[in-house]
Amino acid sequence: MKQGVIFPGSFDPVTRGHLDIIARACSVFDRVIVSVLNNSEKKTLFSIEERLIFLKLCTKHLKGLEIDHYNGLLIHYAKFKKVKTIIRGLRTINDLEHELVMAKINKDLSKNSIETIFFTASTKYQHISSRLVKEILKLNGNIKTIVPKEIFDTIKKQLTKCSIDTY
Ligand code: ADP
């Protein structure tokens, strides 16, 4: 049977750091599902539709990849997708603290049937986060080196519509 994994996240928006993890996961696992959390209570800059489009645009070249979305408990979604492994990225010690808690909760709630595997961030992307992208955008800075090249123009267009200027 194909070994499937889910890479869940907000991806608001997807960054070069996320894309690096996605590509590396595709080189290790047969089936990778990148799933965007669609939580109406969490305020996001980009809508669920936009976040999915951004992900699809920058992952066209990757095989065995599925882009999806979910809400509710991740372990319920994983069961629905018949997947037992979650992957997450680790940038710094700050990520580790939060991620260890989430991994433990998911393991316990799933009665030990779900494991979390961590990919350490590549050094050149370690500093990148969606939050950083949003902060730079707010200050009219250039996000060209932080977001995947395939989505830079689309992000620019989307934000011009909402009258946020970008370079
Ligand atoms: P969440 O809101 O679930 O943390 P994010 O979209 O911020 O969603 O992140 C999704 C996953 O991607 C997390 O595991 C996060 O640690 C990882 N990640 C984010 N940025 C990077 C990066 N630059 N390098 C490696 N992993 C990253």
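Annotations for the structure displayed:
- Filtered by the rule that a residue be basic (Lys, Arg) and loosely packed, with under 14 Cβ neighbours inside 10 Å, the range 78-95 gives a lone residue, 82.
- Taken as a whole, the structure leaves residue 45 outside the set of residues that are touching a helix residue (DSSP H, G or I) at 6+ places or on another chain (Cβ under 6 Å), over 21 Å from residue 143 (Cα atoms) and assigned to a loop (DSSP other than H, G, I, E, B).
Let's see how each residue does on (1) more than 14 Å from the ligand (Cβ to nearest atom); (2) within 16 Å of the chain's Cα centre (by Cα); (3) within 17 Å of residue 148 (Cα to Cα):
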| position | (1), (2), (3) |
| --- | --- |
| 47 | yes, yes, no |
| 56 | yes, yes, yes |
| 63 | yes, no, no |
| 85 | no, yes, no |
| 90 | no, yes, no |
| 93 | no, no, no |
| 107 | yes, no, no |
| 129 | no, yes, yes |
| 134 | no, yes, yes |
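- Failed item in (1) hydrophobic (A, V, I, L, M, F, W, C); (2) within 21 Å of residue 122 (Cα to Cα); (3) crowded, with 17+ Cβ neighbours inside 10 Å, with residue 75 passing the rest: (2)
- Pairing each residue of the range 87-116 that is part of a loop (DSSP other than H, G, I, E, B) with any residue that is aliphatic (A, V, I, L, M) and more than 12 Å from the ligand (Cβ to nearest atom), provided the two are 6+ apart or on different chains, yields C-beta distances under 9 Å for 110/75; 110/78; 113/75; 113/78; 114/75; 114/78; 114/83.
- Test result for residue 98, under 19 Å from residue 16 (Cα atoms), more than 14 Å from the chain's Cα centre (by Cα) and surrounded by fewer than 16 Cβ atoms within 10 Å (Cβ to Cβ): no
- All positions within the range 10-40 that are in contact (Cβ under 8 Å) with a residue 60 or more places away in the chain and either closer than 20 Å to residue 158 by Cβ or within 9 Å of the ligand (Cβ to nearest atom) (or both): 10, 11, 12, 13, 14, 15, 16, 17, 18, 19, 20, 21
- Which listed residue is touching a residue at least 12 places away in the same chain (Cβ under 8 Å), over 26 Å from residue 112 (Cα atoms) and surrounded by fewer than 21 Cβ atoms within 10 Å (Cβ to Cβ), from 56, 60, 43: 60
- Checking each residue in the range 53-77 for being in contact with a strand residue (DSSP E or B) (Cβ under 6 Å, 6 or more places away or on another chain), of a type in the set (A, V, I, L, M) and part of a helix (DSSP H, G or I) picks out 55, 74.
Laboratory data are not the source of any read-out in this text; all were calculated from the coordinates shown. The structure displayed is predicted, hence computed values, not measured ones. Note: ideal-geometry Cβ built from the backbone for every residue, glycine included; neighbour counts use all protein chains shown.
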